[in-house]
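Structure, as structure tokens:
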Amino acid sequence: MHRRNEHQPISAPPRAGYLYVAVMITATLVGLVGLSAVSVARLNLRTTTRTVDSSSADFLAQSAVEHALAVLKNDPAWRTTYLHNTEYPSTPISLNGGTITWKLVDPDTSLLDDDSDTVRIYGIGRQGSATSVQSVLLYPTENPLSCTEAAFHCAGSVNLDLLINWTTDDEISSNGSLSASALGASITGNAYAAGSITGSISGTKTSGATTRRMPGSSVLDYYKARGTWVDINTLPLSIGKRVIQKAIISPATTPWGATNSAGIYVIDCGGQNLEIKNSRILGTLVLLNPGTGCLTSSAVHWDTVVPNLPALLVDGDFQLGHTQPSLNEANLSTNFNPAGTPYESNSDSDTTDEYASEINGLVYTSGKLTVLALLSRTKVNGSVVCNSSSCNSAATFNHNSVFTNFPPPGFASGSLMESIPGSWRRDVLP
């Protein structure tokens, strides 16, 4: 029998080494898991803290806007008290463990130069490492601009061409001179001018008068903020012009589908010409970057949703050239008072109605307004305000005092401000 040498070492069973390694690996894994759990917990804590800080900063930013609104309401001289794009108060207000400050930003960088300008409040909330900014756009409501006191007012001179008669139940007004001296030219009504008045005027003549105040550069801000924007290229193209024809535009219906509860639609013409004809409009159209041949023609019956809102606002030149006395449903095979857009509370499904071709509202152009020599039957009941004019055809301009007594946004000045609905937004600092 073979006997083991007494001096030969006895080998440890192989399993013992494996068990030792397994124990060490397990201990290491447990340690790593523990460390990971701690790291995840710390990460979750930081994430939760950031989330809480962010939510709190949002609340503080909103509070900052509301604080600024209260400050402006209680300080009639706020335009001189505060500076454009400067953070106030100089020592931030502590609130709920964070701070609030705010800025006032005028579109032309000066709070002092024009008290008819809109102003945007930027509210700033800071909480921990989070900063939130919210803003709202304000417009002045205190004093009506005097340009709305006339049926027709032009910042430049007004000169009626040969055989042209303008009729008004109020006055034709100019910050320059006013002339109806051309052969056969006349004004049936009153005349008001900062310069001289010459020619055939049937009513009173007020020359050397005080210039009337025109809107500032932010006159369209309210409407651009509240309006529904329309892509000009969605409108049909006819003989080089985009056209709105045989259309109904109202809060309930439009040719382009999208609607606006206030009936405010903004069209950036992008230099293209737009012709509006044989249509009924219940709302406010804002035209930006118009081509040189933008106009209304044929027949248009135009009202506004709210009595003191403008009918037409143009950032540029525009032409009025209505040649038809009425908008006739039978002639155009179109029903212009369907369900959803009644006329004087009446709607139907027939094509037997007729509407006077007229604009009932305020019309404003920042450039030249031309009354076209096309046997025009142009009639505006409200107020027409333009920076220059070309008087090539007969027209009737009747005044509506609602625009003076209750001036629409963009046509008032002063320290009392209102926020524009829909203009509140998350923002970044300017």
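TYR222 satisfies every condition listed in (1) buried (at least 22 other Cβ atoms within 10 Å of the Cβ); (2) in a strand (DSSP E or B) except (2).
Residues of segment 159-186 that are closer than 20 Å to ALA209 by Cα and open to solvent by 40 Å² or more (accessible area, probe 1.4 Å): ASN159, ASP169, ASP170, SER181.
Tell me the strands (runs of 3 or more DSSP E) entirely within segment 378-430 that contain at least 3 residues that are under 15 Å from PRO144 (Cα atoms) and in contact with a strand residue (DSSP E or B) (Cβ under 8 Å, 6 or more places away or on another chain).
Values: elements: 378-391, 395-399, 417-419.
In segment 378-430, the matching strands (runs of 3 or more DSSP E) lie at 378-391.
For segment 355-394, the candidate set comprises residues that are charged (D, E, K, R) and under 13 Å from TRP302 (Cα atoms); within that set, the residue that is surrounded by the most Cβ atoms within 10 Å (Cβ to Cβ) is GLU358.
Of all residue pairs spaced 6 or more apart or on separate chains, those with beta-carbon atoms under 6 Å, a first member in segment 407-421 that is in contact (Cβ under 8 Å) with a residue 24 or more places away in the chain and within 21 Å of LEU112 (Cβ to Cβ) and a second member that is among the charged types (D, E, K, R) and open to solvent by 20 Å² or more (accessible area, probe 1.4 Å) are SER413/ASP115; GLY414/ASP115; GLY414/GLU142; LEU416/GLU142. The residues of segment 85-94 that are open to solvent by 50 Å² or more (accessible area, probe 1.4 Å) and not hydroxyl-bearing (Ser, Thr, Tyr), listed by number, are ASN85, GLU87, PRO92, ILE93. Apart from one condition, SER132 fits all of (1) closer than 17 Å to GLU66 by Cα; (2) surrounded by 15 or more Cβ atoms within 10 Å (Cβ to Cβ); (3) more than 28 Å from the chain's Cα centre (by Cα); (4) small (Gly, Ala, Ser); the exception is (3). Has segment 326-339 got at least one residue that is in contact with an Asp or Glu (Cβ under 7 Å, 6 or more places away or on another chain) and free of Cβ contacts under 8 Å to residues at least 24 places away in the same chain? So far as segment 326-339 goes, yes, one or more of its residues are in contact with an Asp or Glu (Cβ under 7 Å, 6 or more places away or on another chain) and free of Cβ contacts under 8 Å to residues at least 24 places away in the same chain. When each of GLY189, GLY195, GLY156 is tested for being open to solvent by less than 60 Å² (accessible area, probe 1.4 Å), on the phi > 0 side of the Ramachandran plot and modelled with pLDDT of 95 or more, the lone residue that passes is GLY189. Cβ-Cβ distances below 9 Å connect the following pairs, each with a first residue in segment 226-238 that is farther than 17 Å from ASN260 by Cβ, a second residue that is aliphatic (A, V, I, L, M) and surrounded by 11 or more Cβ atoms within 10 Å (Cβ to Cβ), and a separation of six or more residues or different chains: PRO236/VAL243; PRO236/ILE244; LEU237/VAL243.
Name the single residue, out of those in segment 345-365 being assigned to a loop (DSSP other than H, G, I, E, B) and at pLDDT 95 or above, that is nearest to the chain's Cα centre (by Cα).
Restricting attention to segment 345-365, the residues satisfying the condition of being assigned to a loop (DSSP other than H, G, I, E, B) are 345, 347-353, 357.
Those still in the list that are at pLDDT 95 or above too: 347-353, 357.
Working: SER347: 30, ASP348: 33, SER349: 34, ASP350: 36, THR351: 35, THR352: 37, ASP353: 34, SER357: 27 Å.
Checking each candidate, the answer is SER357.
The strands (runs of 3 or more DSSP E) located wholly in segment 226-344 that include 1 or more residues which are buried (at least 20 other Cβ atoms within 10 Å of the Cβ) and in contact with a Phe, Trp or Tyr (Cβ under 9 Å, 6 or more places away or on another chain) occupy 228-231, 264-268, 274-282, 284-288, 295-303, 310-315, 326-328. A count restricted to segment 72-106 and to residues that are in contact with a strand residue (DSSP E or B) (Cβ under 8 Å, 6 or more places away or on another chain) and in a strand (DSSP E or B) stands at 12.
Does SER90 fit the bill of being hydroxyl-bearing (Ser, Thr, Tyr) and closer than 17 Å to GLU142 by Cβ? Walk me through how you get there before you give the answer.
Working: hydroxyl-bearing (Ser, Thr, Tyr): yes; closer than 17 Å to GLU142 by Cβ: no.
Here the answer is no, as SER90 does not meet what is asked.
The values are calculated or read from the model by the stated rules, or taken from the named source; none is laboratory data. All figures in this text were calculated on a predicted structure; none of them were measured in a lab. Note: ideal-geometry Cβ built from the backbone for every residue, glycine included; neighbour counts use all protein chains shown. Note: areas computed on protein heavy atoms with side chains; ligands, DNA, RNA excluded. Shrake-Rupley method; radii C 1.70, N 1.55, O 1.52, S 1.80 Å.
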